[in-house]
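To start, the structure under review is shown below, and the notes come after it.
Computed from the coordinates by the stated procedures, all read-outs in this text should not be read as laboratory data. The shown structure was predicted, so the numbers you read here are calculated from the model rather than taken from an experiment. Note that each Cβ is placed from the backbone with ideal geometry, even for glycine, and that neighbours are counted across all protein chains shown.
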Amino acid sequence: MGLKEIFEKNPDRRYIMFGGKGGLGKTTFSAATAWWLAKQGKRVLVFSVDPQASLTDIFQRDIFGKGPVKIAENLWAQEIDADSHIKEYQQEIRKKILDMYGLPAVPEEIEHYIQAASAEPAMEESAIFDAVVDVVVKGDYDYYIYDLVPLGHALYYLSMAKVYDEWINKVTRLREEMREYEEMVSRLRRQKETEQDQILNELLYIKGRINASSSILTDKAKTAFFFVVVPEQMIITDTQKAAKLFAQFDVPIGGYVVNRVVPRQLLEQHIPDYLRNRIKMQDQHLRDIRTTFNSQVLAYVPELERDVTGLAMIEKLAGIMYG
Ligand SMILES: Nc1ncnc2c1ncn2[C@@H]1O[C@H](COP(=O)(O)OP(=O)(O)OP(=O)(O)O)[C@@H](O)[C@H]1O
Ligand SMILES: [Mg+2]
């Protein structure tokens with residue numbers, strides 16, 4: 001089965017991700033897929049949280065931190081600026097402190113604390129996580145294509161979601177128990193009902209959001225995660241390892257797309273031994289890919305004559321990938 005058939009046979013899989021090691025073609029395939037789907041008449045958002053602004057590069061448009069930017073008919077691209085989300089977070093915390101204690105300004109020690117906490121990687125992760133949840137939960141598009149950061153980072157992100165979820169489960173349970181106890185006490189004292197439990201409500205809200213997003217990410221019916229590989233030994237080995245880890249996080253793997261295959265037609269021309277040898281090496285690794293991933297390989301994408309940037313190249317690549 002090819003990529004096109006996979007999309008046609010699974011119209012409910014509307015959350016699409018291309019994963020893989022750094023620089024293999026995740027952003028390129030995300031853009032080409034978004035382009036093709038938009039051409040099929042679907043409303044598509046391709047988005048990333050990558051601070052390197054690679055969607056800006058490939059679409060040759062300044063997208064970073066600007067919300068969804070229309071690229072073509074039915075196609076929008078968005079680069080989430082995680083830094084500005086952290087700043088919004090800080091602002092929210094400050095506001096809560098001021099409201100809660102009725103203070104005119106945030107005390108200096110607390111301001112220090114807020115600044116320090118924002119430098120924590122966990123803070124950045126949760127800001128990113130929050131931003132992605134915001135985009136996906138809104139549900140304005142037919143397809144969401146999440147242009148991922150390199151593998152290691154994506155795995156870390158998924159594991160964060162799992163840890164978050166478990167942690168919140170625990171705290172919510174504790175809080176519910178406490179609430180029961182408080183209600184009992186207040187009944188005994190014949191007080192009026194306990195006030196709405198703000199903290200419990202907040203926790204339940206966060207939990208609802210995380211459940212919504214992680215159920216989307218791990219739902220076979222709704223999500224397709226494709227691995228990008230290239231015909232190189234190390235990449236094949238690393239991809240196998242990563243696939244195992246992803247399976248542990250219940251991410252449904254939709255298949256593999258092989259990139260940067262040197263066109264075999266070159267063999268019919270006068271080419272230097274250097275290139276002939278590269279092709280021979282690739283042949284060996286391609287056999288390896290076929291035996292390792294066999295029917296899960298959905299497409300072979302040739303090494304093109306130049307980088308894939310700009311709509312003309314994206315369209316060309318989409319034509320190759322989706323026929
Ligand atoms: N088949 C191809 N032919 C020619 N150039 C390609 C091909 N696929 C990708 N490229 C080029 O390789 C570079 C890396 O591709 P891309 O940015 O899509 O990788 P990535 O996996 O998103 O990288 P990162 O891990 O940094 O996000 C880009 O310059 C892209 O234009
Ligand atoms: Mg990329």
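Okay, here's what the table says:
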| read-out | value |
| --- | --- |
| Tensor-based shape of the chain (alpha-carbon gyration tensor, a/c under 1.5 rounded, otherwise prolate or oblate) | prolate |
| Three-way shape label, region 22-76, alpha-carbon gyration tensor, a/c 1.5 | oblate |
| Helical contribution to [θ] at 222 nm, DSSP H n ≥ 4, -39,500 (n - 2.57), averaged over the chain, rounded to 500 | -19000 deg cm²/dmol |
| Cβ crowding within 10 Å averaged over residues, with 218-228, 44-54, 99-109, 173-183 ranked highest first | 44-54, 218-228, 173-183, 99-109 |
| Members of 95/138; 96/244; 21/96; 42/87; 66/222 lying beyond 32 Å, as alpha-carbon distances in this model show | 96/244; 21/96; 42/87 |
| Semi-axis lengths, Å, region 47-87, gyration tensor of Cα atoms, sqrt of 5 times eigenvalues | 18, 11, 7 |
| Gaussian network model of the chain, springs between alpha carbon atoms under 10 Å - residue of 282, 233, 91 with greatest fluctuation | 91 |
| Cα gyration tensor, region 258-323 - rounded (a/c under 1.5), prolate or oblate | oblate |
| Over the chain, relative contact order from alpha-carbon pairs under 8 Å, at least 6 apart, % | 26 percent |
| Charged-residue dipole, Cβ positions (Lys, Arg, Asp, Glu), region 246-323 about Cα centre, Debye nearest 20 | 180 debye |
| For the chain, share of DSSP beta bridges that run antiparallel, in % to the nearest 5 | 10 percent |
| Cα centroid of region 65-104 to Cα centroid of region 1-49, whole Å | 26 Å |
| Only Lys, Arg (+1) and Asp, Glu (-1) charged, at Cβ; the chain dipole about Cα centre in debye | 1140 debye |
| Dipole of the chain, positive direction: furthest Cα of 224, 114, 64, with charges on the beta-carbon | 224 |
| Relative contact order (%) - criterion: Cα under 8 Å, at least six apart; region: region 240-323 | 39 percent |
